[in-house]
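Worksheet: the structure to be examined is printed underneath.
Derivation of every value follows stated rules applied to the coordinates shown; laboratory data play no part. Since this is a predicted model, take the numbers as computed values, not measurements. Cβ sites come from the backbone with ideal geometry, for glycine too, and all protein chains shown count toward neighbours.
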Amino acid sequence: MTRIFGVHPADDGGLPMAVRRAADAGARALQCFTAPPTYYNEKVGLTATKAAAIHAALDAVGIARRHVLVHAAYVLNTASPEEAKALRARGGLAKELERSTALEALGCCFHPGSAGDGDPTDAAVRVGLAIRHALETVPERAAGTRVLIENTAGAGRTMGRTPEEIALMLAQVPPALRHRTGYGLDTCHLHAAGHDLTSSPEALRATLDRFEQVIGERPAFLHLNDSQHPAGSNKDRHALIGEGTIGVAPFAWLLADGRTEGIPLILETPAERAQVVEDDPTADPADRRMVALLEGLRLG
């Protein structure tokens, strides 16, 4: 039973250094930003020289390019009812796909954003149209890099809390482009949104079943995070596995599910180090512990 565990390490010193830190943690997958996550970055590209340096680093440590997941900027609100914000976010998402495609990554995942004071159905449609714009703007390459919706904790008017909302977003993508998109699930977000992961293995499996049945496919990645807050709190605050309200056991149940085979399983848990030296390739101690914990759960 193989599982592809990954981390999102600090990128101080550049993405090649982040690759080395992931490998030092024992990871076989990597999540990263390709531009500062607090900006739209709708005009930021990725040069061939930078992409080649990242590819060389991945090859050196044995992390496959298809196991790289790019996380889009947090500020992109493709669901916004404000036209200027929605259009700028749409442009930012297209650039995220462009940079991710240059990396030959599995895909770029993004938070759909908030409906604000608008209608949630209209918001879901706007998200889907932003995905469509990105796919129509960026040509597909052999790697098949995808745009992947990440489920949300459901705070306020944020979109993507339910499988029905995600399915409506993806329904806006024409059939000819549909293979270039999909979704992923974050365990903290699921728990915070009120989906049952903790009462029994059967309940966890039923949660995954519902997403698969409603959306029509399995998740393309998972984010493995414990939660600082209770189930149904709608609060997106990650915790180290075993130090939150999900606990260790549900992660063992999750890893026993066949849907976790062959996809990146990325930790986004809190770091232990407050500062990182740019030329230090060592992993954060917490990342090492979490990868080792997951490997132990995988082995049973």
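Couple of notes before you dig in:
- GNM top mover of V70, V147, V61 - the chain, alpha-carbon springs below 10 Å: V61
- Its DSSP H runs of at least 4 residues, each contributing -39,500 (n - 2.57), put the calculated 222 nm mean residue ellipticity of the chain at -12000 deg cm²/dmol, to the nearest 500.
- Given +1 at the Cβ of Lys and Arg, -1 at the Cβ of Asp and Glu and no other charges, the dipole of the chain around its Cα centre is 520 debye to the nearest 20.
- Span-rule helices in the chain, defined as complete DSSP H runs reaching 27 Å or more along the axis (Cα) with Kyte mean at least -0.5: 83-103
- Summed side-chain charge close to P270 - residues other than P270 whose Cβ falls under 11 Å, Lys, Arg +1, Asp, Glu -1: -4
- Under 5 Å, built H, 5+ apart or other chain: amide partners of V173: none
- Using a Gaussian network model of the chain in which every pair of alpha carbons under 10 angstrom is joined by a spring, one finds that among I149, I215, I131 the greatest mean-square fluctuation is at I215.
- Fewest-first ranking of L58, L97, using other Cβ atoms within 10 Å as the exposure measure: L58, L97
- Environment charge at E98 (Cβ cut-off 14 Å; Lys +1, Arg +1, Asp -1, Glu -1): +3
- Only the Cβ atoms of Lys and Arg (+1) and of Asp and Glu (-1) were treated as charged; on that basis the dipole of segment 1-96 about its Cα centre amounts to roughly 220 debye.
- Between segment 133-189 and segment 21-61, the alpha-carbon centres lie 21 Å apart.
- Here the label points at Y39 and A64, each 7 Å from Cα along the C-beta direction, are separated by 3.4 nm in the simple model.
- Exposure proxy order (Cβ contacts within 10 Å, fewest to most) of F5, F33: F33, F5
- Each Lys or Arg adds one and each Asp or Glu subtracts one; over the other residues with Cβ under 9 Å from the Cβ of C108, this totals +1.
- For Q31, the residues whose modelled amide H falls within less than 5 Å of its own, excluding neighbours fewer than 5 places apart on the same chain, are V7, H8, L69.
- log10 of Debye I(q)/I(0), alpha-carbon scatterers only, for the chain at 0.07, 0.09, 0.11 Å⁻¹: -0.24, -0.40, -0.61
- Using C-alpha pairs below 8 Å separated by at least 6 residues, the relative contact order for segment 151-265 is 28 percent.
- Largest-first principal axis extents, alpha carbons of segment 157-242, Å: 42, 28, 20
- Comparing T47, T207, T34 in a Gaussian network model of the chain, where Cα atoms under 10 Å apart are tied by springs, the biggest mean-square fluctuation is seen for T47.
- The mean sequence separation of alpha-carbon pairs under 8 Å and at least six residues apart, normalised by the residue count of the chain, gives a relative contact order of 20 percent.
- Sequence ranges 169-179, 221-231, ranked by mean other-Cβ count within 10 angstrom, highest first: 221-231, 169-179
- Think of segment 4-284 as having a plus end and a minus end, set by charges on the Cβ of Lys, Arg, Asp and Glu; of P163, P139, H179, P139 sits farthest toward the positive end of this dipole.
- Shown for segment 4-284: lysine pairs separated by 8 or more places, or found on different chains, whose C-alpha atoms are under 23 Å apart, numbering 4.
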